[in-house]
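Written out below as structure tokens is the structure these notes cover.
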Protein chains: 2
Amino acid sequence: MSTPNLLDESLPLPAAVIYQSRLDNNLHWMQRFAEHNQVQLCPHGKTTMTPDFFRRQIDAGAWGLTLATVPQVKAAADAGVPRILMANQLVGRANMDIVSDLLAQGLQYYCLVDNPDNIRALNRFFGERGQTLPVLLEVGVPGGRCGCRTRHQIDTVLAALKDAPALQLSGVETYEGVIHGSDPEAAIRAHLQSVRALTLELHQSGQFAVETPILTGAGSAWYDVVMEEFGPVRDQGLLPVLRPGCYLIHDKGIYWEAQSDIMTRLPRDCQPGGNLQSSLEVWAYVQSIPEPGMAILTIGKREVAFDAGLPQPVLHYRPTDSTESGSAQPQPAPNDWEVDHIMDHHSRLRTRPDADLQVGDIIALSTSHPCLTFDKWRQLLVINDHYQLLRRVDTHF
Amino acid sequence: MSTPNLLDESLPLPAAVIYQSRLDNNLHWMQRFAEHNQVQLCPHGKTTMTPDFFRRQIDAGAWGLTLATVPQVKAAADAGVPRILMANQLVGRANMDIVSDLLAQGLQYYCLVDNPDNIRALNRFFGERGQTLPVLLEVGVPGGRCGCRTRHQIDTVLAALKDAPALQLSGVETYEGVIHGSDPEAAIRAHLQSVRALTLELHQSGQFAVETPILTGAGSAWYDVVMEEFGPVRDQGLLPVLRPGCYLIHDKGIYWEAQSDIMTRLPRDCQPGGNLQSSLEVWAYVQSIPEPGMAILTIGKREVAFDAGLPQPVLHYRPTDSTESGSAQPQPAPNDWEVDHIMDHHSRLRTRPDADLQVGDIIALSTSHPCLTFDKWRQLLVINDHYQLLRRVDTHF
């Protein structure tokens, strides 16, 4: 049997497809960015939840992997990731049980703390087991998500940690992505500078239980600013760690826009050369053309993200009836084709009434917000630039 | 080991939870509705994609199961469902391959046709294999989804079917759920009446290849109207089939509202007694209370539907530190608690500033749009009314 190819219709559609060359490009681009700018990379794995990709990120030089939940941490640890930053509070006895087992197996793990009740619960649980749990102080943003808002809250957390010998304060974490407003960059820089000053003060006053505490920010939309504001602490005995996630897959929607802004902001001597590429497409069939200029595609909310813009057609391909593969190549979809409505299992593609489109044609679509496309698939197809299947990769949502 | 119970924290949260008693209520309510009104029930399985529930629907008396995609059909057939209506066109060689195998294994299967190109492709594929494929003519709605809009399109499809001996025209399908406007009930009734008249005409002119052709409409929001308009064809040699899906899980959002409308419309002598109940909750922890009146919960867009209203808190429970289960019971969440923002893995719960809430507390949330909550979970917990785990059920998305 020949290698399956998306063009010979031997693979059932719809399918979520990753281009290996673009994945490699993104993997190495971000690692070069981190190394060039002397910060550590701890990519957020929640985007893909694909152990095959986790291993590539670690092999490429990532310091560790960031994850959001305990089941995610377990999936990554089971895939061999040795160091995991859970960018969340650890809550609930069954969740603590799972983390306790992973610590016993040698996982280097960090979670966040922002609350004395939680610190007491963690200390009781891990203390009873004779284990030490490394934690990072989370500093938040008013109106945002988790994390201490005030100096009083921080002092209360530090006081609770003094009574929690099973917990080891190992650094400070923040997530700048919840800051919006008319001048987000200025507000984000001010927030990061304040978190940096706090961390240096805590370091100087001996609040950390480790020699080189971590100072970490996220995220896919502002990692350049985090690098600029947090990077310099490397000269003051701290370890600056970035946690972007979506770069590996990228998109042609919200993260494409964010990356354009980053490349505009980023001084030339901080750029590693090249740029990110959208590595994910969803391939689907035209299943009906019930009206001129209206085609119904075999993908919907069950197959692709729809919360940050609808998927957009990028390729059009008409399978041949011959069994020989590659007799024709996909063509770029015309610019005026647009998905304007999405249902659970259908999307409505608008074209000109005289568009050359048939039931049975294949449309490849780019996406916006890779996180909420990935979690709809248990398996993705990794292909080469000739649309040949290289391997199938499993997701672990 | 005692039976795991959500109240003793032996089950990791967040978790998607189904109450067995409410599931049973819904299962039998809809089956009684169909039997009482002499229509066949072919529930849409895409909502749950849970073979355990498919088998219960068939065992309770369902005529068959409706599904949306070929992988869904295969999952249901593998679970032992003997008759499946795929309420979609069958497109693509690899998808036809899968259906061909299922036909060979004895599955009774129907798909929809609305296009001559598709009919020719299906005829060529199944004809070459010496198989017969039962199909239903799909009649659509202008501006809607798939399906023929005009009599000319219908005649073109019928002509193509005459040249397609491998295809067996077995009835007519429509989906009224895409009809909206200022008086949707009147527009839906008019559409259903027109589809009914067409079907009777086709039956009288001998267009169907089967003795008792099917006339089928959906759906969870208008099944009463479909029953009223399509039911009477049973006296004219046709089989009326309803395809609601969400009733089994129901919700406290869009389908709760739809069902309220149905119960208002439905004549008393058509009601089977009782009513549907929301059988799904998502249970999560409070992981942070960073500001007075703001709690961050451990669920987000990765765990619960957000396209038709945000999840709403229904229960509040504070775990005891004792290992004895059941020392306290969940309390109804105050009416003024509200989830007002959802992120990938977090939700923001607004309460009064003095609410009695702690990090580590458990919140059970009801949902709107069960389809897009179910597909976020590979496994759900089925519990009894005492929150004890009865079994885990796997989903097959």
- Task: Would you point out the residue of segment A:348-373, among those that are within 10 Å of chain B (Cβ to nearest Cβ) and not in a loop (DSSP other than H, G, I, E, B), that is nearest to the chain's Cα centre (by Cα)?
- Result: A:371
- Got a number for residues in segment B:113-141 being facing chain A (nearest Cβ under 9 Å), in contact with a Ser or Thr (Cβ under 9 Å, 6 or more places away or on another chain) and either in a strand (DSSP E or B) or free of Cβ contacts under 8 Å to residues at least 40 places away in the same chain (or both)? 3
- Message: Anything in segment B:142-173 that is in a helix (DSSP H, G or I) and open to solvent by 50 Å² or more (accessible area, probe 1.4 Å)? List them, or say none.
- Response: B:151, B:152, B:155, B:156, B:159, B:162
- Task: Scan segment B:3-42 residue by residue and report those that are farther than 16 Å from residue B:251 by Cα and within 14 Å of chain A (Cβ to nearest Cβ).
- Result: B:4, B:5, B:6, B:7, B:8, B:9, B:10, B:11, B:12, B:13, B:14, B:15
- Checked pairs for segment B:338-362, first farther than 16 Å from residue B:307 by Cβ and polar (S, T, N, Q), second open to solvent by less than 20 Å² (accessible area, probe 1.4 Å) and outside any loop (DSSP other than H, G, I, E, B), C-beta under 7 Å and 6 or more apart or across chains, list as B:351/B:295; B:358/B:286
- Check whether at least one residue in segment A:43-51 is assigned to a helix (DSSP H, G or I) and away from chain B (no Cβ under 11 Å), and report yes or no. yes
- What number goes with the only condition from (1) touching a helix residue (DSSP H, G or I) at 6+ places or on another chain (Cβ under 8 Å); (2) within 22 Å of residue A:241 (Cβ to Cβ); (3) not in a strand (DSSP E or B) that residue A:106 does not pass? (1)
- Message: Just to be sure I understand, how many residues within segment A:336-347 are at the interface with another protein chain (Cβ under 10 Å from one of its Cβ atoms) and either over 12 Å from residue A:294 (Cα atoms) or in a loop (DSSP other than H, G, I, E, B) (or both)?
- Response: 5
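Among the residues of segment A:382-389, is there at least one that is in a strand (DSSP E or B), open to solvent by less than 30 Å² (accessible area, probe 1.4 Å) and over 20 Å from residue B:71 (Cα atoms)?
yes
Keeping to segment B:156-172, report how many residues are among the small types (Gly, Ala, Ser), more than 28 Å from the chain's Cα centre (by Cα) and farther than 11 Å from residue B:122 by Cβ.
Of segment B:156-172, the ones among the small types (Gly, Ala, Ser) are B:159-160, B:164, B:166, B:170-171.
Narrowing the set further to residues that are more than 28 Å from the chain's Cα centre (by Cα) leaves B:159-160, B:164, B:166.
Pick out the ones that are also farther than 11 Å from residue B:122 by Cβ and you get B:159.
Residues meeting the conditions: 1.
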- Item | Subset tally (residues that are touching an Asp or Glu at 6+ places or on another chain (Cβ under 9 Å), assigned to a loop (DSSP other than H, G, I, E, B) and within 21 Å of residue A:46 (Cβ to Cβ)) for segment A:174-225 | 5
- Item | Residues located in segment B:201-220, provided they are touching a residue at least 24 places away in the same chain (Cβ under 8 Å) and either over 23 Å from residue B:63 (Cα atoms) or crowded, with 18+ Cβ neighbours inside 10 Å (or both) | B:202, B:203, B:207, B:208, B:213, B:214, B:215, B:216, B:217, B:218, B:219, B:220
- Among the candidates B:219, B:181, which residue alone is modelled with pLDDT under 95 and within 14 Å of chain A (Cβ to nearest Cβ)? B:219
- Message: Pairs needed: first member in segment A:249-275, farther than 25 Å from residue A:232 by Cβ and open to solvent by less than 30 Å² (accessible area, probe 1.4 Å); second member anywhere, at pLDDT below 95 and not in a helix (DSSP H, G or I); C-beta distance under 6 Å; at least 6 residues apart or different chains.
- Response: A:249/A:370; A:251/A:367; A:251/A:368; A:251/A:370; A:253/A:308; A:253/A:309; A:253/A:368
- Task: Return the pairs, sorted by first residue and then second, in which the second residue is among the acidic types (Asp, Glu) and in a helix (DSSP H, G or I), the first residue lies in segment A:43-58 and is surrounded by fewer than 24 Cβ atoms within 10 Å (Cβ to Cβ), the beta carbons are less than 9 Å apart, and the residues are 6+ apart or on different chains.
- Result: A:51/A:78; A:56/A:24
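Could you check segment A:18-39 and list, in sequence order, the residues that are in a strand (DSSP E or B) and within 16 Å of the chain's Cα centre (by Cα)?
Our first condition is that a residue be in a strand (DSSP E or B); within segment A:18-39, this holds for A:18-19.
The answer is A:18, and nothing else.
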- Query: Mind checking which residues of segment B:290-304 are more than 7 Å from chain A (Cβ to nearest Cβ) and either open to solvent by less than 10 Å² (accessible area, probe 1.4 Å) or under 14 Å from residue B:349 (Cα atoms) (or both)?
  - Reply: B:292, B:293, B:294, B:295, B:297, B:299, B:300, B:304
- Message: Name the residue that is nearest to residue A:219 (Cα to Cα), counting only residues in segment A:73-87 that are within 14 Å of chain B (Cβ to nearest Cβ) and open to solvent by 10 Å² or more (accessible area, probe 1.4 Å).
- Response: A:87
- Message: Of everything in segment A:110-139, what is open to solvent by less than 10 Å² (accessible area, probe 1.4 Å) and among the aliphatic types (A, V, I, L, M)? Give them in sequence order.
- Response: A:112, A:113, A:119, A:122, A:133, A:135, A:136, A:137
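The values are calculated or read from the model by the stated rules, or taken from the named source; none is laboratory data. This one's a predicted model, so the numbers in the text were calculated from it and none came from an experiment. A quick note on method: Cβ atoms are made from the backbone with ideal geometry, for glycine too, and the neighbour counts reach across all protein chains shown. Quick note on the areas: whole protein, heavy atoms, side chains included, nothing else; ligands and nucleic acids left out. Shrake-Rupley method; radii C 1.70, N 1.55, O 1.52, S 1.80 Å.
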